[in-house]
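Quick notes on the structure that follows.
The numbers here are math on the coordinates, done by the rules we state, and not lab data. All values derive from a computational prediction rather than experimental measurement. Using ideal geometry, Cβ is built from the backbone for each residue, glycine included, and neighbour counts are taken over all protein chains shown.
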Amino acid sequence: PGKERIVTSWRGIAELSERSKIGSLLEYSDIYRKLLISGDIGYLKIWDCEKEIATGNVILDAHAMALTKNEDGTVIIGCKDNSVKLVDLRTKKVVGTMKEEYNRSEEGNNNSGALKPLMSVTSLWGGLVVSANQSGVVKFWDLRNWESGKSVVTLRDVREENEEGKGAEERGGGENEEGISAFGVHRFAEVMAFGYRRGRVSLVDFTGKKLSQVEFHEGFLGERLGPTSCLVFH
């Protein structure tokens, strides 16, 4: 009693490569009691957990980077091509796709010419979806208006200013040159969190105003912290 043990296990995706940068994306649908798995495979696999059998695949035509469930039982998937897809588990089909082209000003200091992929999607109240890509570009989408294919609002991540009042671009790049390493959204309060590779975390409201900042200050004998890799409000 009290000792953890494995009840059952199986291979969710046989095609997933060990060299995958994303790994497996997992989400459980309480409404349909299905386990959803995706990643660098271009489709969403649906499993019946009680029977331990795959019940179907949903073709996405893009690699999934983020996965979240909606209150009505649908699934929202953020893809590598910066598209946001809505999947209906009843029909096992993509019922909506929204995608916008990111311009150079939104991508900030990304001079590589390659668009950085999405890293997070979160379903909020009233059909609102928040997505963020690795450059720190945040977009708000309205599930009630999928036909438009356009986001409601687009925000850039907050750029730090030094004591002289110069932004990251004026200092020759900074952390945003490589983008953000983690992103989180509060499901009820209008607050977002940006995590950076140097261990700094910034809290921002939905208008783009920075509320506060948490930063690790390394001491002489203090421990070294790695990049911020996960942010969750609870």
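Given a Förster distance of 41 Å, report the FRET efficiency between D61 and V7 from their Cβ-Cβ distance, rounded to the nearest 0.05.
Numbers: r = 35 Å, r/R0 = 0.86.
Working from the Cβ atoms, E equals 0.70.
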Label-point separation, E50 to Y28 (7 Å along Cα→Cβ), nm: 1.5
Long-range amide H partners of L67 with built H, under 5 Å: G78, V121
Table column - 3J(HN,Hα) (Hz), the stretch 83-98, Karplus curve with 6.51, -1.76, 1.60, x for Gly and Pro: 8, 10, 10, 10, 10, 9, 6, 6, 9, 6, 9, 7, 9, x, 9, 10
Violating pairs (Cα-Cα greater than 32 angstrom) within the set K34/K139; K99/K209; K93/K209; K34/K209; K3/K85; K51/K116: K93/K209; K34/K209; K3/K85; K51/K116
